[in-house]
1. Determine, yes or no, whether residue 195 is loosely packed, with under 14 Cβ neighbours inside 10 Å, modelled with pLDDT under 70, β-branched (Val, Ile, Thr) and within 20 Å of the chain's Cα centre (by Cα).
2. Determine whether segment 291-298 contains at least one residue that is surrounded by fewer than 18 Cβ atoms within 10 Å (Cβ to Cβ) and of a type in the set (A, V, I, L, M, F, W, C).
3. Going through segment 119-130 one residue at a time, which ones are in contact with a strand residue (DSSP E or B) (Cβ under 6 Å, 6 or more places away or on another chain) and either farther than 12 Å from residue 175 by Cβ or polar (S, T, N, Q) (or both)?
4. Mind checking whether some residue in segment 32-51 is modelled with pLDDT of 65 or more, in a helix (DSSP H, G or I) and under 31 Å from the mean Cα position of the chain (by Cα)?
5. Is there any pair with a first residue in segment 234-253 that is modelled with pLDDT under 85 and surrounded by 13 or more Cβ atoms within 10 Å (Cβ to Cβ) and a second that is among the charged types (D, E, K, R) and not in a strand (DSSP E or B) whose Cβ atoms are under 6 Å apart and which are 6 or more apart or on different chains, and what are they?
6. List pairs: first residue in segment 73-99 and in the same structural domain as residue 59 (by TED's automatic domain parsing), second residue part of a helix (DSSP H, G or I) and of a type in the set (D, E, K, R) anywhere in the structure, Cβ distance under 7 angstrom, at least six positions apart or on different chains.
7. Consider residue 71 carefully, then state whether it is within 20 Å of residue 153 (Cα to Cα) and either in a helix (DSSP H, G or I) or at pLDDT below 80 (or both).
8. Please specify each residue of segment 123-132 satisfying the condition of being surrounded by fewer than 18 Cβ atoms within 10 Å (Cβ to Cβ) and under 23 Å from the mean Cα position of the chain (by Cα).
Amino acid sequence: MLPQRYWEIIDQILKEIESAQLSVYSCFDPSGDAYLTPLVREAIEIRVRGFSEKDEKDYRSTVETSGVYGRAGLTDDERMALILIGVDVKQQIQPRECQRCCESYHVDAPVFRKAPELWNLVRDDLVSVNSGVVAPSGQLIRYPSFLCRLHGHLPKHFILYETLFKVVGRNRLYLRVDQYDDSQSDVIYALEEVIRPMDPTFLKQLKIFRGEKKWGYYEVLPPEHPTDYQYWDYHQGFGKLEVVFKRNGDDLSCMIEELPREADGRVLTSLCLHATSKCPVDTDWNDAVADHIDGAIQFYFDERALERFDSNISVAECDASCRTHLFRIEETSLSNLLPIAKMFFQAESLLKDWVDDQFRFFKPSELQDKIV
């Protein structure tokens, strides 16, 4: 158990980093010019007194993923302590960073000060694509007189999909931009278990009646062989996919949420697709019109993350600690939900099993692979 003094130091270090607008990684990378202030040195002295099994795991994970191995002038234990201090600071700053990227737009934010005309394109927590063109890297959107950076969690293969802009139309497409980053540089930064399969009988004619709900739940389990199609999804940390269709009154809605296998530090991050339609029962799936299809990112902190792990969107909603939309498409075919889901979500095996269940009674010619 680390003493209270250690966490007081971490809090002071965090305030210094935020005040100076420094990167946590640049401060605690032992292969470079580490941020060795007196406070950090005091934290190192406390940290080297003993390492837990979790410390060992966090250290190995950080070294493996970041490729940092050492820094001249520090002992092995001091280098390990320095990396773990960085891990602790990162975990403390995570919720603040998530809340910051979900904040409502405000006219005094850096990107709107630099490009005031962008404010006219704001709609709630998104910006109209309008005349904008996405740069080849998928990181920036270029308007006639300025550039702005897209939200870092918006999947690149989704926003670079040219047909999306051609078919949907730029005036009906909205994306999330980073209001705090006004830089102009374009630098590119398990076996699966079907816990509850989707009912395949209702979707073709939207046979969900008032108050009725259909749902499915898919989870990735540890794979035995690298040849298993779920292998890479498991090792990339994907955990489960939850799907629910329901009709409240006359309105049909669909919610699909993709969650990781475990939280990253104090934060659980999920991607969520949502669609609504006023089409009545017996409307053909391929003829139905969605009022909108939107995608969002949701963050669950600390106890809320544990609560979300233990819940399911079909039976009990667990509100995210903070969330923001990443895109919105208005007045589009409901059948576009399938190709959009394939572009938006990242766990291919989870998505495959849901599609195999949900669209079992569709002929191949009745399913579309592209947005129409």
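The values are calculated or read from the model by the stated rules, or taken from the named source; none is laboratory data. The shown structure was predicted, so the numbers you read here are calculated from the model rather than taken from an experiment. A quick note on method: Cβ atoms are made from the backbone with ideal geometry, for glycine too, and the neighbour counts reach across all protein chains shown.
1. On the way: loosely packed, with under 14 Cβ neighbours inside 10 Å: yes; modelled with pLDDT under 70: yes; β-branched (Val, Ile, Thr): yes; within 20 Å of the chain's Cα centre (by Cα): no.
Here the answer is no, as residue 195 does not meet what is asked.
2. Filtering segment 291-298 for residues surrounded by fewer than 18 Cβ atoms within 10 Å (Cβ to Cβ) gives 291-292.
Checking which are of a type in the set (A, V, I, L, M, F, W, C) leaves us with none.
No, the conditions are met nowhere in segment 291-298.
3. Of everything in segment 119-130, just one residue is in contact with a strand residue (DSSP E or B) (Cβ under 6 Å, 6 or more places away or on another chain) and either farther than 12 Å from residue 175 by Cβ or polar (S, T, N, Q) (or both), namely 128.
4. Residues of segment 32-51 modelled with pLDDT of 65 or more: 36-51.
Going one step further and asking which of them are in a helix (DSSP H, G or I), we end up with 38-47.
With the extra rule that they be under 31 Å from the mean Cα position of the chain (by Cα), the set shrinks to none.
Looking through segment 32-51, none of the residues is modelled with pLDDT of 65 or more, in a helix (DSSP H, G or I) and under 31 Å from the mean Cα position of the chain (by Cα).
5. Sorted first by the residue in segment 234-253, then by its partner, the pairs are 237/261; 239/261.
6. The qualifying pairs are 81/47; 84/47; 84/55; 84/58; 85/47; 87/58.
7. Details: within 20 Å of residue 153 (Cα to Cα): no; either in a helix (DSSP H, G or I) or at pLDDT below 80 (or both): yes.
Taking the combined requirement at face value, the residue does not satisfy it.
8. So in segment 123-132, the residues surrounded by fewer than 18 Cβ atoms within 10 Å (Cβ to Cβ) come out as 123-124, 130-131.
Passing the criteria: 123, 124.
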